[in-house]
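The values are calculated or read from the model by the stated rules, or taken from the named source; none is laboratory data. What you see is a predicted model, and the numbers here were worked out from it, not measured in a lab. Cβ atoms come from the backbone with ideal geometry, glycine included; neighbour counts cover every protein chain shown.
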Amino acid sequence: MLARHQIGAAILDAHGTIHLGLHLDAMVGRAAVCAEAVALGVARMSTAAPLILAAAVRHPKPDERTPPRLVPPCGLCRELLLDHAPDLAVVIGAPEGPRITALSHLLPHKYIGTKWAVPQPSSPAREGGCHGLPHAGT
Ligand SMILES: [Zn+2]
């Protein structure tokens, strides 16, 4: 059972609360739900506070001999997270070690539809400010 849940995500809100999510695998692949989406739903169940930082970790399957590793949000999650948290920063793995970057840097040409007015990232996030979190560059 646990082998079906390799990815966990955490989202930090501006009040300091961490919201956790777990990847929900499914027999029909497109019915699966990413850990980031679950964490976003958990966060929005309890707060309207701005969401400022997210990270996801992939744990190895029982037969794998690789260590857990940071994984960036998939394309769908980049779209979803930016819809709900335009200033969100993410922790991503890099050869030199984990680093924090604005999610908008990972999806510079986000889809903008007509369903609702999309909040725009504040200018500091566009410039890499990320709510005062350390920024390791691009
Ligand atoms: Zn995803």
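For this structure, a couple of remarks:
- Pairing residues of the stretch 26-40 that are over 14 Å from His5 (Cβ atoms) with residues that are away from the ligand (no atom under 11 Å from the Cβ) and among the β-branched types (Val, Ile, Thr), at Cβ distances under 7 Å and at least 6 apart in sequence or on separate chains, gives Leu40/Ile11.
- Cβ pairs under 6 Å, 6+ apart, first in the stretch 82-94 and crowded, with 19+ Cβ neighbours inside 10 Å, second among the basic types (Lys, Arg): Leu82/Lys110
- The stretch 97-122: number of residues that are of a type in the set (D, E, K, R) and in contact (Cβ under 8 Å) with a residue 24 or more places away in the chain: 2
- Check on His15, buried (at least 20 other Cβ atoms within 10 Å of the Cβ) and either modelled with pLDDT of 95 or more or part of a helix (DSSP H, G or I) (or both): no
- Selection within the stretch 27-39 - outside any helix (DSSP H, G or I) and within 13 Å of the ligand (Cβ to nearest atom): Ala32, Val33, Cys34
- Positions within the stretch 21-52 being closer than 18 Å to Arg69 by Cβ and not acidic (Asp, Glu), in sequence order: Gly21, Leu22, His23, Cys34, Ala35, Ala39
- Looking across the stretch 49-70, just one residue is surrounded by fewer than 16 Cβ atoms within 10 Å (Cβ to Cβ) and in a strand (DSSP E or B), and that is Arg69.
- Within the stretch 71-118, the set of residues being of a type outside the set (A, V, I, L, M, F, W, C), within 14 Å of the ligand (Cβ to nearest atom) and in a helix (DSSP H, G or I) comprises Gly75, Arg78, Glu79, Asp83, His84.
- Positions within the stretch 55-69 being out of contact with any His (no Cβ under 9 Å at 6 or more places or on another chain) and under 22 Å from Pro121 (Cβ atoms), in sequence order: Ala55
- Among the residues of the stretch 90-110, just one is among the hydrophobic types (A, V, I, L, M, F, W, C) and more than 14 Å from the chain's Cα centre (by Cα), namely Ala94.
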